[in-house]
Structures are given as C-alpha cells and as structure tokens.
Amino acid sequence: MTADLVTFLRARLDEDERAAVDTLTPAANIGRFRGKPVQRWQVTLNGRGLIDADGGRSRARDVYPAEAQHVARHDPARVLAEVDAKRRIIDECEGAVNHDSRGMLSMADSILSLLALPYRDHPDYRPEWAPDA
C-alpha cells in the first residue's frame, strides 16, 4: 500500500464531499454537523424534475425522467454517506498495515486499488494503482 494512493483517494473524496456540500443550503450544511440528516432529493410527480424530499425546494426542472431518477439516486445525501464509508474503509486498510501480515497487506492494497478505480480518468491517477486483472 502506497501512501501516495491513500493521499490520492483522500483528495478525491474531499472533492466529492465539496461538490455535494456546494448543493446544500447553509442551514442544511450546519445541520449535518449537528447530526441532522441531509435532505434527500426526489423526482417530482411529473417525473421531469427534482425537489427536496419534503416537497420543498426545487432542485431541477425539465429533466428527462431517466436522468431525474439517476440524479435523485445519487443525490448529495448519498454522496456524503459514500464519502464517509470510503474514508472508513481507507482507515481500516491503513490499520491493516499494523498487523504486519502479508495477507492483510495484500487485501488492503487490493481494496485501495478498487476504491481508486472510479477515478482512473483523473490526471493524478497512476497506472500502477490499477487492480490486478
């Protein structure tokens, strides 16, 4: 496991988090730091828009229905949850280094390589991080 790969992954997760947070209202962002869940998005009744799940704030209009479903499925609340989960996985992989076990290190390397794979088009991604075929 390379420190560079961990640094790369943490930077991408920071970017993903910033992109999600940038869509939140100031009150929602403050709320999430106080333990409140981030408002989920849902598709409007006509299927061509997005609103906050409480039926309040409009997020998008005149969207193709399939795109609206996709955006609602990958809304900021989900992105933030995934960022948190992936950070925890990275922490666990770093902890595996302390076990000094070849099998644990190999598994941690494989997991980190797989976590980096969605970012393979990023200019800082290195080909040697690609998981073994």
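Rule-based calculations on the coordinates, nothing more; no lab input. Only a predicted model underlies this, so the values are computations on that prediction, with no experimental measurement involved. Neighbour counts run over all protein chains shown; Cβ positions are idealised from the backbone, glycine included.
Worth pointing out:
- Residues satisfying the stated conditions in the stretch 51-82, i.e. of a type outside the set (D, E, K, R) and touching a residue at least 24 places away in the same chain (Cβ under 8 Å): A68, Q69, V71, A72, P76, A77, V79, L80
- Per-region count, the stretch 7-17, residues of a type outside the set (S, T, N, Q) and either assigned to a loop (DSSP other than H, G, I, E, B) or exposed (fewer than 15 other Cβ atoms within 10 Å of the Cβ) (or both): 4
- Identity of the residue in the stretch 18-39, exposed (fewer than 13 other Cβ atoms within 10 Å of the Cβ) and assigned to a loop (DSSP other than H, G, I, E, B), that ends up nearest to the chain's Cα centre (by Cα): D22
- Any hit, the stretch 57-71, residues being more than 30 Å from E94 (Cα to Cα), touching a Lys or Arg at 6+ places or on another chain (Cβ under 6 Å), outside any helix (DSSP H, G or I) and among the hydrophobic types (A, V, I, L, M, F, W, C): yes
- Scanning the stretch 93-110 for residues that are out of contact with any Cys (no Cβ under 7 Å at 6 or more places or on another chain), surrounded by 11 or more Cβ atoms within 10 Å (Cβ to Cβ) and part of a helix (DSSP H, G or I) yields C93, E94, G95, A96, V97, H99, M104, L105, S106, M107, D109, S110.
- Number of the condition not met by Q42 [criteria: (1) in a loop (DSSP other than H, G, I, E, B); (2) polar (S, T, N, Q); (3) over 18 Å from the mean Cα position of the chain (by Cα)]: (1)
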